[in-house]
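Asks: Supplied in C-alpha cells, the structure appears directly below.
The values are calculated or read from the model by the stated rules, or taken from the named source; none is laboratory data. Bear in mind the structure is a predicted one, so any value in this text is a computation, not a measurement. For neighbour counting, all protein chains shown are included, and Cβ atoms are generated from backbone atoms with ideal geometry for every residue, glycine included.
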There are 2 protein chains.
Amino acid sequence: MSSISTQFFSVNGRAYRPPARPVVVICLDGSADEYLDTALAHGRMPNLQHMAVGGYRGLARGAMPSFTNVNNASIVTGVPPSVHGIGGNFFYNPATGREEMMNSAKYLRAETIFPAAARAGRKAVVVTAKEKLREIFASGLIEQGGVAFSSEKAGQAELKTHGIDRVEKVVGSPTPPIYSADASLFVLRAGVALLQNGMADFLYLSTTDYVQHKYAPGAPEAVEFYAAIDRELGRVLELGAVVGITADHGMNAKQKPDGSPNVIYLESELSGKFGSGFRVILPITDPYVVHHGALGSFAVVHLPAPGAGSETEGNSPNEPLLASREGSGRGRRAGGTARDREGVRGEGGLLLDAARDWLLERPGVTEVYDRDTAARKLELPADRLGELVVLSGRDVVLGRTPEYHDLSAPENGLRSHGGRYEEMVPLILSEPLKPEYAARAAGDPRNFDIFDFTVNGTRAK
Amino acid sequence: MSSISTQFFSVNGRAYRPPARPVVVICLDGSADEYLDTALAHGRMPNLQHMAVGGYRGLARGAMPSFTNVNNASIVTGVPPSVHGIGGNFFYNPATGREEMMNSAKYLRAETIFPAAARAGRKAVVVTAKEKLREIFASGLIEQGGVAFSSEKAGQAELKTHGIDRVEKVVGSPTPPIYSADASLFVLRAGVALLQNGMADFLYLSTTDYVQHKYAPGAPEAVEFYAAIDRELGRVLELGAVVGITADHGMNAKQKPDGSPNVIYLESELSGKFGSGFRVILPITDPYVVHHGALGSFAVVHLPAPGAGSETEGNSPNEPLLASREGSGRGRRAGGTARDREGVRGEGGLLLDAARDWLLERPGVTEVYDRDTAARKLELPADRLGELVVLSGRDVVLGRTPEYHDLSAPENGLRSHGGRYEEMVPLILSEPLKPEYAARAAGDPRNFDIFDFTVNGTRAK
C-alpha cells in the first residue's frame with residue numbers, strides 16, 4: 001500500500017487528494033435504487049449492506065437526460081453535460097446535416113479525470129462493459145500509461161491502444177457476450193484481478209444495463225445479478241479499496257397494462273397536427289437496440305426549416321434539403337446563429353410556441369422546454385439540442401413514428417429510462433463521510449460528484 | 001375472522017371487494033424510501049423485510065404538491081386533488097378574500113372510502129396523529145358507526161363525535177405530545193389495540209412526520225423510530241391483517257452547505273422585479289410550524305390585481321384592498337370569471353408570461369406553470385390555485401419574504417417537502433400481488449391506489 005501515490009491533482013476545476021489506498025468507483029448502469037433494495041431484502045448483498053451501515057448510502061441526482069453516455073461522461077469528467085458536451089448518445093448535427101452518435105472522444109469538451117490521476121502517479125484503469133464508452137473514457141489515458149478496455153471487446157485489447165493485452169488471461173474469463181449479465185460481471189472481475197496483481201490503484205468500473213432493461217427488481221434474475229455483483233464488491237473491499245458506487249440512471253417499466261410499450265410517437269403526432277418537416281431525435285438511440293428499441297423518456301425536436309412553413313410537403317428529415325440548409329458550417333453552436341434565432345423567434349416563433357404548448361398538453365408528457373430553457377434547466381449543451389426538448393412520465397416513452405421502431409426488440413416488455421423518474425440514483429460509499437461531505441450528501445449531491453466523494457470525501461487515509 | 005364482511009362496495013368509481021381478513025392501510029408521513037432503507041440495513045425492520053420478500057415493495061407516485069393534506073385526502077378518497085379539491089394545506093380564497101386552511105371536510109369534494117366500507121359491514125376506523133386531518137377523515141363515518149380520532153387529541157374523543165371514548169384506556173397509553181415520535185407510534189398502537197379487541201377490521205392509520213422533519217435517515221433517532229414502527233407492524237401482521245403501506249410524501253434536507261435554510265423568497269423577488277401586489281401562498285403552511293417554518297418546495301403565486309398595474313403601491317397581500325377587490329362573491333372558481341381571465345390574458349397576460357419566464361430562470365426553481373397547465377399537469381383544482389404555480393429543487397424551498405418566516409423554528413436544520421423530489425414514496429404490501437396488480441405496480445402506481453391494492457390487489461382471501 002505504501003507505494004500508492006497520494007499526490008494532489010486537479011481536473012475541470014475540482015481538486016483531488018487521493019488516499020494511500022486503492023480508489024474504486026463503480027457505475028452500476030441502470031441501477032434504480034429498488035434493485036438494491038430487493039437484493040438487500042433477500043439478504044443477497046451483505047457487502048453492500050456493510051457499506052450502507054459502516055459508510056454511507058443515500059441518493060444522488062444524475063445528469064439529464066438520464067442516459068448512459070451522458071451520465072458516464074459526467075462521472076468521468078466531474079462536470080455536467082453543458083460543460084462536457086455529451087448531451088445524449090445521439091444528436092442531429094446541423095453542421096453536417098447528419099444524426100451522429102456521440103461515442104467518440106471528439107465530442108468531449110472536457111478532460112476526464114484519468115490522465116490527471118495517471119500523471120499524479122496513480123495506476124489509472126477504466127473498464128467498461130460497452131465498447132461504445134471505451135473511447136470516451138480512454139481519452140488521453142493510454143498516453144499517460146493508463147489502461148482502458150471493454151468487456152465487450154476484451155479479447156481485442158492491445159498494449160499500444162488499450163495499455164493492456166491478454167485481458168482474458170489476466171481476468172481468467174473469456175470475453176462475454178454483450179447481451180448478458182456476464183458483460184457486467186466481467187468488468188468487476190477485471191477490476192478485482194487488476195487490483196490483485198498490482199496493475200491498478202485508481203479504477204473506474206462501468207457496467208451495462210442489459211439485466212435491468214430485461215428484468216424488474218423483483219425478478220430472480222435481477223436478484224441473482226446483484227448477488228453476483230455483491231460477491232465481486234466483497235473482493236474489492238477485501239483488497240483495501242475505498243469504494244464509491246453510483247449509477248448513470250434508474251429504470252422503469254414503460255408499458256400499458258396489457259404489456260405493450262407505452263409510446264407517444266412525437267414525429268407522427270407533430271406532423272399530424274402541424275404538418276411535416278419535424279425531426280425528432282431520440283438520444284437514447286445506440287447500437288444496442290435489444291435493450292430498449294430506441295425508446296426512452298427524452299426527445300429532442302427540430303422544427304421544420306424557418307420560412308419553409310409547417311405545411312411544406314416533402315421536407316422530410318431524411319432528405320438533403322435540411323442538410324444543405326443547415327450545412328453552412330456555422331451551425332447552431334451556442335444557441336444558433338443570429339439568423340437562426342430570428343427565424344425561430346420570428347415567424348417560426350409562433351410554431352415553436354404552438355408546438356411547445358400543444359406537446360405539454362399531451363397526457364404522458366411531463367416537461368417541454370425551448371432550447372435555451374432546456375440548456376439552462378437540464379444543464380445541456382444548447383448547440384447539440386433542437387428547438388424543443390420533451391420529457392415523458394414514469395411509464396411513458398417517446399418515439400418518432402410507429403414504423404421507425406422495432407417493438408419486438410425488447411423481449412420481456414419494455415423497460416427504459418431517460419426522464420426525471422430515472423434521474424435519482426444510488427450514492428454509496430464504503431467509508432464514513434467527512435462532515436462537509438455528509439452535509440453535501442444531505443443536500444443535492446450529483447452522481448458526477450462520485451469521484452470527489454470517493455477520493456476526497458471519506459475519512460479514509 | 002368469519003364475522004368479517006366481504007361485501008362489495010364502491011367509492012368514487014372504484015370497486016372494493018375486501019377479503020375476509022382485517023385490512024390495515026398505513027400512511028407513514030414523510031417516509032422517503034431512504035428511511036426504510038437505512039433502518040432495514042441496520043436490521044431493525046424485520047417485519048418490513050418480511051413484507052418486502054413475501055409480498056411486494058416498490059415505489060408509487062404521490063399527488064402533487066407533495067404535502068400531507070393533499071396526499072392523505074387522495075389516499076382516503078382514491079382520487080387526485082383535481083377531484084377531491086384539497087390542493088394544499090392552505091389556499092387563498094378569492095371569494096372570501098382570505099387565506100384559508102383546508103383542514104375541514106367542507107373543502108372535500110369527494111366521499112372518503114370509510115362510510116362506504118362501514119355501510120358494507122366493515123368496522124371502519126381511522127386514526128391519525130394530527131388532529132387537523134381527523135375531520136377530513138371522519139367525514140360521514142361516525143354516522144355510519146365508524147371511529148375516527150387523533151393521537152393529538154386522543155383523550156378528548158367522545159362516542160358521539162368520534163365513535164369511541166376512553167381511548168387512552170383502550171390503547172393503554174396517555175395522549176402523546178404532538179411534537180414527538182410517540183404521536184405516530186400511538187396511532188399504530190391504537191390500531192393494534194382496536195384489532196385485538198375486535199373493534200376494527202378496516203383501518204387507516206396515518207402518522208406524522210415530526211421525526212422525519214427533524215432527523216435524516218441515518219440519524220439514530222430515525223432508525224429507532226422505524227424500529228418501533230416495525231414492532232407495531234409485526235403485531236398488526238400477527239393479528240392476521242392484510243397490510244398496505246405508503247407515504248404522503250418524501251423528505252429532503254433544504255439547506256445550504258453552511259446549514260442555513262436554502263430559501264427563495266418569491267414575494268420579495270417578484271416585488272423587486274415587477275413591483276408590489278404579488279401574493280405568494282405556501283400551501284405547506286399549517287399550525288405545526290416547528291416542522292418546517294412554513295417552507296416547502298411548492299408555492300402558488302397570485303398576480304397583482306388586473307388593471308391595478310404592477311407598480312401600485314400599498315397593495316399588500318395583508319391589506320383589505322385585495323379582500324374587497326376579490327370579495328364580490330363570484331370569485332375565481334373553475335378558472336376565474338371572464339373578466340379575471342381577460343385581465344390575465346389581456347394586459348395582465350404580459351405580466352403573467354414575464355413572471356413565469358423570469359421565475360423559471362431562477363436557479364433552484366424547477367417548474368413554473370400557469371393555472372390551467374398546473375391544474376392539468378399536477379392534477380390540481382384550478383379554482384384553488386393562483387395564476388402561477390412554482391416548484392423548487394431537491395434542496396430548495398420557497399418562501400414569501402424573509403420577515404414572514406421564523407427560521408428558528410426548524411431546530412436541527414431545515415428538512416422539508418412539497419416538490420417533485422418528494423413525490424416518489426414507498427408502496428408495500430404484505431401479500432403477493434395478483435398478476436394485474438403486479439403489472440400496475442410495475443407501471444405508474446399512485447400512493448392513492450393503496451386502498452385498491454390492499455383491498456383488491458393481493459392474493460389474500
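Asks: Check whether at least one residue in the stretch A:58-71 is under 25 Å from B:Gly364 (Cα atoms), over 18 Å from the mean Cα position of the chain (by Cα) and touching a residue at least 24 places away in the same chain (Cβ under 8 Å), and report yes or no.
Replies: Scanning the stretch A:58-71, I find at least one residue that is under 25 Å from B:Gly364 (Cα atoms), over 18 Å from the mean Cα position of the chain (by Cα) and touching a residue at least 24 places away in the same chain (Cβ under 8 Å), so the answer is yes.
Asks: Residue check: is A:Val24 out of contact with any Leu (no Cβ under 7 Å at 6 or more places or on another chain), more than 14 Å from chain B (Cβ to nearest Cβ), crowded, with 24+ Cβ neighbours inside 10 Å and closer than 18 Å to A:Asp449 by Cβ?
Replies: It is false that A:Val24 is out of contact with any Leu (no Cβ under 7 Å at 6 or more places or on another chain), more than 14 Å from chain B (Cβ to nearest Cβ), crowded, with 24+ Cβ neighbours inside 10 Å and closer than 18 Å to A:Asp449 by Cβ.
Asks: Just for the stretch A:409-424: of the residues that are more than 14 Å from the chain's Cα centre (by Cα) and at pLDDT 80 or above, which one is surrounded by the most Cβ atoms within 10 Å (Cβ to Cβ)?
Replies: Selected residue: A:Tyr421.
Asks: In the stretch B:281-297, which residue that is farther than 12 Å from B:Tyr404 by Cβ and modelled with pLDDT under 85 is surrounded by the fewest Cβ atoms within 10 Å (Cβ to Cβ)?
Replies: Going through the qualifying residues, I end up with B:Pro287.
Asks: Any chance the stretch B:137-157 includes a residue that's under 18 Å from the mean Cα position of the chain (by Cα) and of a type in the set (Lys, Arg)?
Replies: Checked against the condition, which is being under 18 Å from the mean Cα position of the chain (by Cα) and of a type in the set (Lys, Arg), the stretch B:137-157 yields no hits at all.
Asks: Here's another thing I want to ask about it. Considering only residues that are more than 13 Å from B:Phe114 (Cβ to Cβ) and of a type in the set (Lys, Arg), which ones fall in the stretch B:132-167?
Replies: Within the stretch B:132-167, B:Lys132, B:Lys153, B:Lys160, B:Arg166 meet the criteria.
Asks: Any residue at all in the stretch A:191-205 that is more than 18 Å from A:Val76 (Cβ to Cβ), part of a helix (DSSP H, G or I) and touching a residue at least 60 places away in the same chain (Cβ under 8 Å)? Before the answer, list the steps.
Replies: Taking the stretch A:191-205 and keeping what is more than 18 Å from A:Val76 (Cβ to Cβ), we get A:192-193, A:195-199.
When the remaining residues are screened for being part of a helix (DSSP H, G or I), the result is A:192-193, A:195-196.
Now restrict to residues that are touching a residue at least 60 places away in the same chain (Cβ under 8 Å): A:195.
The answer is yes, given that some residue of the stretch A:191-205 is more than 18 Å from A:Val76 (Cβ to Cβ), part of a helix (DSSP H, G or I) and touching a residue at least 60 places away in the same chain (Cβ under 8 Å).
Asks: What number goes with the only condition from (1) part of a helix (DSSP H, G or I); (2) within 10 Å of chain A (Cβ to nearest Cβ) that B:Phe453 does not pass?
Replies: Unmet for B:Phe453, out of (1) part of a helix (DSSP H, G or I); (2) within 10 Å of chain A (Cβ to nearest Cβ): (2).
Asks: Still on this structure, please answer the following. For A:Leu237, indicate whether it is out of contact with any Leu (no Cβ under 8 Å at 6 or more places or on another chain), assigned to a helix (DSSP H, G or I) and without any contact (Cβ under 8 Å) to a residue 60 or more places away in the chain.
Replies: In short, no.
Asks: Here is a further query. Within the stretch B:393-437, how many residues turn out to be within 30 Å of B:Ala460 (Cβ to Cβ) and either among the polar types (S, T, N, Q) or assigned to a loop (DSSP other than H, G, I, E, B) (or both)?
Replies: So the count comes out to 5.
This table checks each residue for (1) farther than 19 Å from B:Asp201 by Cα; (2) in contact with a Gly (Cβ under 8 Å, 6 or more places away or on another chain); (3) surrounded by 23 or more Cβ atoms within 10 Å (Cβ to Cβ).
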residue	(1), (2), (3)
B:Phe8	no, no, no
B:Ala15	no, no, no
B:Leu28	yes, no, yes
B:Ala32	yes, yes, yes
B:Gln49	yes, no, no
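Asks: Scan the strands (runs of 3 or more DSSP E) fully inside the stretch B:52-164 and keep the ones with 1 or more residues being acidic (Asp, Glu) and surrounded by fewer than 20 Cβ atoms within 10 Å (Cβ to Cβ).
Replies: B:98-101
Asks: Among A:Phe186, A:Phe225, which is more than 14 Å from every other protein chain (Cβ to nearest Cβ), touching a helix residue (DSSP H, G or I) at 6+ places or on another chain (Cβ under 9 Å) and within 27 Å of B:Leu59 (Cβ to Cβ)?
Replies: On the way: A:Phe186 fails: within 27 Å of B:Leu59 (Cβ to Cβ).
Of the residues listed, the single one that is more than 14 Å from every other protein chain (Cβ to nearest Cβ), touching a helix residue (DSSP H, G or I) at 6+ places or on another chain (Cβ under 9 Å) and within 27 Å of B:Leu59 (Cβ to Cβ) is A:Phe225.
Asks: Another question about this same structure. Quick one: which residue in A:Arg279, A:Arg235 is basic (Lys, Arg), more than 30 Å from A:Thr458 (Cα to Cα) and more than 14 Å from chain B (Cβ to nearest Cβ)?
Replies: After ruling out the rest, the residue left standing is A:Arg279.
Asks: I'm trying to understand the selection: among the residues of the stretch A:374-392, which are within 14 Å of chain B (Cβ to nearest Cβ) and not in a helix (DSSP H, G or I)?
Replies: Correct list: A:Leu378, A:Glu379, A:Val389, A:Val390, A:Leu391, A:Ser392.
Asks: Pick out the one residue from B:Gly307, B:Gly259, B:Gly277 that is modelled with pLDDT of 80 or more, surrounded by fewer than 16 Cβ atoms within 10 Å (Cβ to Cβ) and part of a loop (DSSP other than H, G, I, E, B). Walk me through it before giving the result.
Replies: Working: B:Gly307 fails: modelled with pLDDT of 80 or more; B:Gly277 fails: surrounded by fewer than 16 Cβ atoms within 10 Å (Cβ to Cβ).
From the options B:Gly307, B:Gly259, B:Gly277, the qualifying one is B:Gly259.
Asks: Tally up the residues in the stretch A:63-92 that are among the aliphatic types (A, V, I, L, M) and closer than 20 Å to A:Val397 by Cα, please.
Replies: 3
Asks: Scan the stretch B:346-373 residue by residue and report those that are out of contact with any helix residue (DSSP H, G or I) (no Cβ under 8 Å at 6 or more places or on another chain), of a type outside the set (Gly, Ala, Ser) and more than 13 Å from every other protein chain (Cβ to nearest Cβ). Explain how you work it out, then say what you get.
Replies: Taking the stretch B:346-373 and keeping what is out of contact with any helix residue (DSSP H, G or I) (no Cβ under 8 Å at 6 or more places or on another chain), we get B:346-350, B:353, B:356-357, B:363-364.
Narrowing further to those that are of a type outside the set (Gly, Ala, Ser): B:347, B:350, B:353, B:356-357, B:363.
Result: B:Glu347, B:Leu350.
Asks: Give me the residue from the stretch B:240-258 that is in contact with a Leu (Cβ under 9 Å, 6 or more places away or on another chain) and of a type in the set (Gly, Ala, Ser) and, out of that set, farthest from B:Ser392 (Cα to Cα).
Replies: B:Gly240
Asks: OK, next. Restricting the search to the stretch A:382-392, which residues are surrounded by 22 or more Cβ atoms within 10 Å (Cβ to Cβ) and more than 23 Å from A:Phe274 (Cβ to Cβ)?
Replies: A:Arg384
Asks: Quick check, is A:Leu427 among the hydrophobic types (A, V, I, L, M, F, W, C), in contact with a Lys or Arg (Cβ under 8 Å, 6 or more places away or on another chain) and surrounded by fewer than 19 Cβ atoms within 10 Å (Cβ to Cβ)?
Replies: The answer is no for A:Leu427.
Asks: Now a separate question. State which residue pairs qualify: first residue within 21 Å of B:Leu237 (Cα to Cα) and more than 9 Å from chain A (Cβ to nearest Cβ) and inside the stretch B:420-443, second residue acidic (Asp, Glu) and surrounded by 22 or more Cβ atoms within 10 Å (Cβ to Cβ) in any location, beta carbons under 6 Å apart, and separation of 6 or more residues or different chains.
Replies: From the stretch B:420-443, the pairs are B:Pro426/B:Asp33.
Asks: Shifting gears a bit: Is at least one residue of the stretch B:202-219 more than 21 Å from B:Asn447 (Cβ to Cβ), of a type outside the set (Gly, Ala, Ser) and away from chain A (no Cβ under 14 Å)? Break it down stepwise before answering.
Replies: Let us first name the residues in the stretch B:202-219 that are more than 21 Å from B:Asn447 (Cβ to Cβ), namely B:214-216, B:218-219.
Still in the running and of a type outside the set (Gly, Ala, Ser): B:214-215.
Restricting the remaining residues to those that are away from chain A (no Cβ under 14 Å) gives none.
No - not one qualifying residue is present in the stretch B:202-219.
Asks: Same structure, new question: Does B:Ala95 qualify as being more than 10 Å from chain A (Cβ to nearest Cβ), over 21 Å from B:Asp209 (Cβ atoms) and out of contact with any Pro (no Cβ under 8 Å at 6 or more places or on another chain)?
Replies: Answer is yes for this residue.
Asks: Return the pair list, or none, for Cβ contacts closer than 6 Å from residues in the stretch B:83-99 that are within 11 Å of B:Ala73 (Cα to Cα) to residues that are surrounded by fewer than 17 Cβ atoms within 10 Å (Cβ to Cβ), at least 6 apart or on different chains.
Replies: Close Cβ pairs (under 6 Å, with a partner that is surrounded by fewer than 17 Cβ atoms within 10 Å (Cβ to Cβ)) amount to B:His84/B:Arg109; B:Gly85/B:Arg109.
Results for (1) surrounded by fewer than 18 Cβ atoms within 10 Å (Cβ to Cβ); (2) at pLDDT 95 or above; (3) at positive phi, shown as yes or no for each residue.
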{"residue": "B:Glu367", "(1), (2), (3)": "no, yes, no"}
{"residue": "B:Arg371", "(1), (2), (3)": "no, yes, no"}
{"residue": "B:Arg376", "(1), (2), (3)": "yes, yes, no"}
{"residue": "B:Leu407", "(1), (2), (3)": "yes, no, no"}
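Asks: Residue by residue through the stretch A:240-256, note down the ones that are within 25 Å of A:Gly419 (Cα to Cα) and either of a type outside the set (Val, Ile, Thr) or part of a helix (DSSP H, G or I) (or both).
Replies: Residues satisfying the conditions are A:Gly244, A:Ala247, A:Asp248, A:His249, A:Gly250, A:Met251, A:Asn252, A:Ala253, A:Lys254, A:Gln255, A:Lys256.
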